[in-house]
Protein chains: 2
Amino acid sequence: MPDPIWRRIAEDLRLKIETGELGSGGKALPSELELRDEYRASRNTVRDAVKWLISRGLVETRPGQGTYVVQAIDPFVTSLTAEHSPGVSQTTTYASEVAGRKATVSDPRIEVQKATGKVAEQLGLTEDDSVVSRHQRRFIDDIAWSLQTTFYPMDFVVRGATELLVPQDKPEGVVQYLAEKLGIRQTGWTDIMQVRAPDEVESDFFGLPDDGRVAVIEIRRTAVDQDKKPFRITITTYPADRNQFTVTVVENE
Amino acid sequence: MPDPIWRRIAEDLRLKIETGELGSGGKALPSELELRDEYRASRNTVRDAVKWLISRGLVETRPGQGTYVVQAIDPFVTSLTAEHSPGVSQTTTYASEVAGRKATVSDPRIEVQKATGKVAEQLGLTEDDSVVSRHQRRFIDDIAWSLQTTFYPMDFVVRGATELLVPQDKPEGVVQYLAEKLGIRQTGWTDIMQVRAPDEVESDFFGLPDDGRVAVIEIRRTAVDQDKKPFRITITTYPADRNQFTVTVVENE
DNA sequence: AACGATTTGTTCGTATGTATC
DNA sequence: TGATACATACGAACAAATCGT
């Protein structure tokens with residue numbers, strides 16, 4: 001008997017959950033007191049087992065109600081190599097593969113900040129320069145889907161792209177606007193993707209448990225213009241439990 | 001006082017860790033008994049706080065030794081859109097961005113199986129067909145880095161590509177071998193990327209905690225030939241705590 | 001090699017608080 | 001309002017791992 005009691009209970013419950021013996025049909029698991037009697041352990045030991053199931057994302061507890069099996073979420077698929085379609089904003093949304101789902105975007109929160117750290121570095125700015133940031137919350141079927149912040153050099157506004165400061169979504173796309181206004185054409189981008197624990201803002205917005213169990217996927221997109229000069233940085237975070245990504249590469253012949 | 005005691009202790013410890021006041025220089029945190037006295041709480045309550053820090057990946061406990069601040073791992077960066085360089089195997093390794101790191105690959109474990117599920121579907125096979133799978137363990141600087149399984153139609157072997165059954169790494173690349181032997185040229189691929197909890201094999205190999213805290217990133221790559229027909233499926237899993245990915249897109253003019 | 005001290009891990013019992021029905 | 005269920009907190013005991021003597 002190498003394993004602790006709580007672990008054996010957890011494995012037993014996992015088996016019963018995966019075979020559908022427990023929790024099917026939205027019914028709750030037996031209460032902690034019932035499990036205590038069933039496994040002849042203390043309530044604390046049973047709770048340790050349930051905590052392990054929670055950490056695996058198999059169940060969730062609702063105070064005053066019971067312990068429920070977590071229903072799998074139909075994942076939303078985002079392409080990181082979508083073709084640039086005119087009229088489709090590359091700034092606020094990536095192309096969606098899933099039909100029949102309603103994507104909505106909040107109006108952006110505009111801020112003007114000092115350029116700092118990696119953003120300044122990648123945009124070729126110094127600490128004295130300013131950047132415009134446009135922060136948006138994005139939903140699918142009214143479910144919190146991603147948080148997105150895009151940075152532009154403040155110089156763009158000075159040179160005439162004043163609409164960057166308008167706190168309103170541009171469905172036709174900021175990329176197209178910059179092309180018309182400043183002659184800056186987007187010719188490509190590089191994404192850097194990492195998985196990390198959510199911060200408090202992300203936990204709140206996505207409704208994630210505060211134990212850091214569900215990770216977020218952070219994608220930093222650096223877009224370059226016709227001179228291969230980075231002109232825009234977009235940072236998007238997605239909760240890992242309901243997002244997938246695709247990358248399609250066609251080698252040139 | 002809306003927050004539980006364990007949470008306040010955890011936040012306080014987090015602050016002290018992030019400012020370097022605690023745990024810097026590889027020293028252990030105060031023992032649970034010391035923390036109990038310091039915060040005037042019970043040992044169990046202190047342990048709840050530490051558990052939260054563990055779940056955030058900030059600290060780790062070592063039985064008989066103490067609680068230590070987790071050292072950040074220098075992430076390994078993998079490109080999902082690397083150019084196909086002759087001589088570089090696209091089968092066993094993606095291109096690495098990080099210099100000075102030694103990548104090694106185990107000899108493959110070869111299996112012949114019935115084609116099932118998505119693999120059969122994407123390769124255009126039926127349940128009666130067989131597939132060859134080549135499973136490899138990959139290391140960077142002798143650290144477990146990824147697990148990879150590649151599936152080919154058994155028909156390839158029948159048609160002459162018998163080396164698919166040789167349990168030995170092909171540094172020059174299976175892709176090149178298939179091109180020479182069968183005239184199948186890889187012209188592109190599609191990756192599907194998801195984040196999920198590790199299974200037991202992955203936890204063991206990567207040395208992950210068994211509480212599912214550290215997720216794995218699973219990438220399923222479907223490669224297509226000159227007729228746009230899928231001919232190879234590669235499933236690779238990476239531990240999320242030490243891997244990043246890049247995607248570079250250059251729009252054609 | 002053996003032992004004792006220290007530290008984390010497991011398990012129990014108990015009491016009280018809070019949310020839901 | 002009362003009953004039920006999960007959440008928090010405390011105290012206690014023993015086990016297991018580690019380290020220094």
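In the stretch A:103-129, how many are among the charged types (D, E, K, R), outside any loop (DSSP other than H, G, I, E, B) and within 24 Å of the chain's Cα centre (by Cα)? Spell out how you get there, then give the answer.
From the stretch A:103-129, those among the charged types (D, E, K, R) are A:107, A:109, A:111, A:114, A:118, A:121, A:127-129; that's our starting set.
The next check asks that each one be outside any loop (DSSP other than H, G, I, E, B); those that pass are A:109, A:111, A:114, A:118, A:121.
Next, only the ones that are within 24 Å of the chain's Cα centre (by Cα) stay: A:109, A:111, A:118.
So the count comes out to 3.
Looking for something assigned to a helix (DSSP H, G or I) and farther than 30 Å from A:ALA49 by Cα - is there at least one such residue anywhere in the stretch B:181-200?
Start the filter on the stretch B:181-200 by keeping residues that are assigned to a helix (DSSP H, G or I), which leaves B:181-182, B:200.
Among the residues that remain, those that are also farther than 30 Å from A:ALA49 by Cα are: B:181-182.
Yes, there is a match, as at least one residue in the stretch B:181-200 is assigned to a helix (DSSP H, G or I) and farther than 30 Å from A:ALA49 by Cα.
Condition first: at the interface with chain A (Cβ under 9 Å from one of its Cβ atoms) and farther than 13 Å from B:LEU147 by Cα. Can you find one or more residues in the stretch B:197-208 that meet it? Talk me through it step by step, then tell me what you get.
Our first condition is that a residue be at the interface with chain A (Cβ under 9 Å from one of its Cβ atoms); within the stretch B:197-208, this holds for B:197.
In the following step, the residues that additionally are farther than 13 Å from B:LEU147 by Cα were identified as B:197.
Scanning the stretch B:197-208 turns up at least one residue that is at the interface with chain A (Cβ under 9 Å from one of its Cβ atoms) and farther than 13 Å from B:LEU147 by Cα.
Could you look through the stretch B:1-29, keep only residues that are away from DNA strand D (no atom under 11 Å from the Cβ) and part of a loop (DSSP other than H, G, I, E, B), and pick out the one that is modelled with the lowest pLDDT?
Per the criteria, the residue is B:LYS27.
Return the only residue of A:PRO198, A:PRO230 being in contact (Cβ under 8 Å) with a residue 60 or more places away in the chain and not β-branched (Val, Ile, Thr).
A:PRO230
A quick yes/no check of all residues on (1) assigned by TED's automatic domain parsing to the domain that holds B:LEU15; (2) at pLDDT below 95:
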{"position": "B:SER42", "(1), (2)": "yes, no"}
{"position": "B:THR45", "(1), (2)": "yes, no"}
{"position": "B:TRP52", "(1), (2)": "yes, yes"}
{"position": "B:GLY57", "(1), (2)": "yes, yes"}
{"position": "B:ARG62", "(1), (2)": "yes, yes"}
{"position": "B:ALA82", "(1), (2)": "no, yes"}
{"position": "B:SER85", "(1), (2)": "no, yes"}
{"position": "B:VAL88", "(1), (2)": "no, yes"}
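In the stretch A:130-157, which residues are in a loop (DSSP other than H, G, I, E, B) and surrounded by fewer than 17 Cβ atoms within 10 Å (Cβ to Cβ)?
Listed by number, the residues that qualify are A:ASP141, A:ASP142.
Do we have B:GLN122 as modelled with pLDDT of 90 or more and under 30 Å from B:VAL249 (Cα atoms) here?
Numbers: modelled with pLDDT of 90 or more: yes; under 30 Å from B:VAL249 (Cα atoms): yes.
So B:GLN122 fits the description; yes.
Counting only residues that are hydroxyl-bearing (Ser, Thr, Tyr), over 17 Å from B:VAL195 (Cα atoms) and away from DNA strand D (no atom under 13 Å from the Cβ), how many does the stretch A:50-82 have?
Residues that pass the stated criteria total 1.
Quick one: count up the residues across the stretch A:41-73 that are assigned to a loop (DSSP other than H, G, I, E, B) and either within 7 Å of DNA strand C (Cβ to nearest atom) or surrounded by 11 or more Cβ atoms within 10 Å (Cβ to Cβ) (or both).
Going through the stretch A:41-73, the residues assigned to a loop (DSSP other than H, G, I, E, B) turn out to be A:41-42, A:56-58, A:63-65, A:70-73.
Remaining after also requiring either within 7 Å of DNA strand C (Cβ to nearest atom) or surrounded by 11 or more Cβ atoms within 10 Å (Cβ to Cβ) (or both): A:41-42, A:56-58, A:63-65, A:70, A:73.
Number of matching residues: 10.
Any residue that is touching a Phe, Trp or Tyr at 6+ places or on another chain (Cβ under 9 Å) and either outside any strand (DSSP E or B) or facing another protein chain (nearest Cβ under 10 Å) (or both) - is there at least one of those in the stretch B:226-236?
no
Whether any residue in the stretch A:209-218 is crowded, with 22+ Cβ neighbours inside 10 Å, more than 12 Å from every other protein chain (Cβ to nearest Cβ) and touching a strand residue (DSSP E or B) at 6+ places or on another chain (Cβ under 6 Å) is what I want to check.
No, because not a single residue in the stretch A:209-218 is crowded, with 22+ Cβ neighbours inside 10 Å, more than 12 Å from every other protein chain (Cβ to nearest Cβ) and touching a strand residue (DSSP E or B) at 6+ places or on another chain (Cβ under 6 Å).
Answer yes if at least one residue in the stretch A:19-28 is surrounded by 11 or more Cβ atoms within 10 Å (Cβ to Cβ) and of a type in the set (Val, Ile, Thr), and no otherwise.
Scanning the stretch A:19-28, I find no residue that is surrounded by 11 or more Cβ atoms within 10 Å (Cβ to Cβ) and of a type in the set (Val, Ile, Thr), so the answer is no.
Quick check on the stretch B:222-233. Is at least one of its residues touching a Pro at 6+ places or on another chain (Cβ under 7 Å), more than 17 Å from A:THR246 (Cα to Cα), β-branched (Val, Ile, Thr) and buried (at least 18 other Cβ atoms within 10 Å of the Cβ)?
No, because not a single residue in the stretch B:222-233 is touching a Pro at 6+ places or on another chain (Cβ under 7 Å), more than 17 Å from A:THR246 (Cα to Cα), β-branched (Val, Ile, Thr) and buried (at least 18 other Cβ atoms within 10 Å of the Cβ).
Going by what's in this entry, would B:GLU32 be described as more than 12 Å from DNA strand D (Cβ to nearest atom), farther than 30 Å from B:TRP145 by Cβ and over 29 Å from the mean Cα position of the chain (by Cα)?
Judged against the criteria, B:GLU32 is not a match.
The values are calculated or read from the model by the stated rules, or taken from the named source; none is laboratory data. All figures in this text were calculated on a predicted structure; none of them were measured in a lab. For neighbour counting, all protein chains shown are included, and Cβ atoms are generated from backbone atoms with ideal geometry for every residue, glycine included.
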